Amino acid sequence: QVQLVESGGGLVQPGGSLRLSCAASGSILSINAMGWYRQAPGKQRELVAAITSGGSTNYADSVKGRFTISRDNAKNTVYLQMNSLKPEDTAVYYCNAAVRRVGVIYEYDYWGQGTQVTVSS
């Protein structure tokens, strides 16, 4: 089994910052891409940012220049530094990882339970 545990969400004022963390644990052989998605009420889940095992990154246009994704491969952890937060960033943020488990040939996607980020004055 593989578990992804997120932390770092909360309430912040517009213009503020938050840092999300997501740690993967379990019978992990390797992790390819890791990423953050978000889902606001009444909207579809969308990709926020992703990072490969080699460090290549990809961002949604709406967060470019404000959010930074990074990872610590030794700790199987991915981070999302969110600066200059706006009310429209309010959503549940989900961690995603493409994991190859010990003894399993194929790679599977795993999801965290989600963490609420609310940007409001």
Report task. Filter the stretch 59-68 down to residues that are open to solvent by less than 30 Å² (accessible area, probe 1.4 Å) and either touching a residue at least 60 places away in the same chain (Cβ under 8 Å) or polar (S, T, N, Q) (or both), then give me how many there are. Result -> 0
Report summary line: Among residues of the stretch 69-82 being touching a residue at least 24 places away in the same chain (Cβ under 8 Å) and farther than 15 Å from Trp36 by Cα, the residue most open to solvent (accessible area, probe 1.4 Å) is Lys75
Report summary line: Residues of the stretch 1-27 being among the small types (Gly, Ala, Ser), under 27 Å from Ser121 (Cβ atoms), open to solvent by less than 40 Å² (accessible area, probe 1.4 Å) and under 12 Å from the mean Cα position of the chain (by Cα), in sequence order, are Gly8, Gly9, Ser21
Query raised in the report: Does Ala98 qualify as being touching a residue at least 40 places away in the same chain (Cβ under 8 Å) and within 15 Å of Glu6 (Cα to Cα)?
Result: no
Requested in this report: Out of the residues in the stretch 28-58 that are open to solvent by less than 40 Å² (accessible area, probe 1.4 Å) and touching a residue at least 60 places away in the same chain (Cβ under 8 Å), state the one that is farthest from Ala97 (Cα to Cα).
Outcome: Arg38
Query raised in the report: Filtering the stretch 83-121 down to residues that are among the aliphatic types (A, V, I, L, M) and surrounded by fewer than 16 Cβ atoms within 10 Å (Cβ to Cβ), which residue is farthest from Gly8 (Cα to Cα)?
Result: Ile105
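The values are calculated or read from the model by the stated rules, or taken from the named source; none is laboratory data. What you are looking at is a predicted structure, and each value in this text was computed from that prediction instead of being measured. Methodologically, a virtual Cβ is constructed for each residue, glycine included, from the backbone with ideal geometry; neighbour enumeration extends over all protein chains shown. Accessible surface is based on the protein model in full, side chains and every heavy atom, while ligands, DNA and RNA are left aside. Shrake-Rupley method; radii C 1.70, N 1.55, O 1.52, S 1.80 Å.
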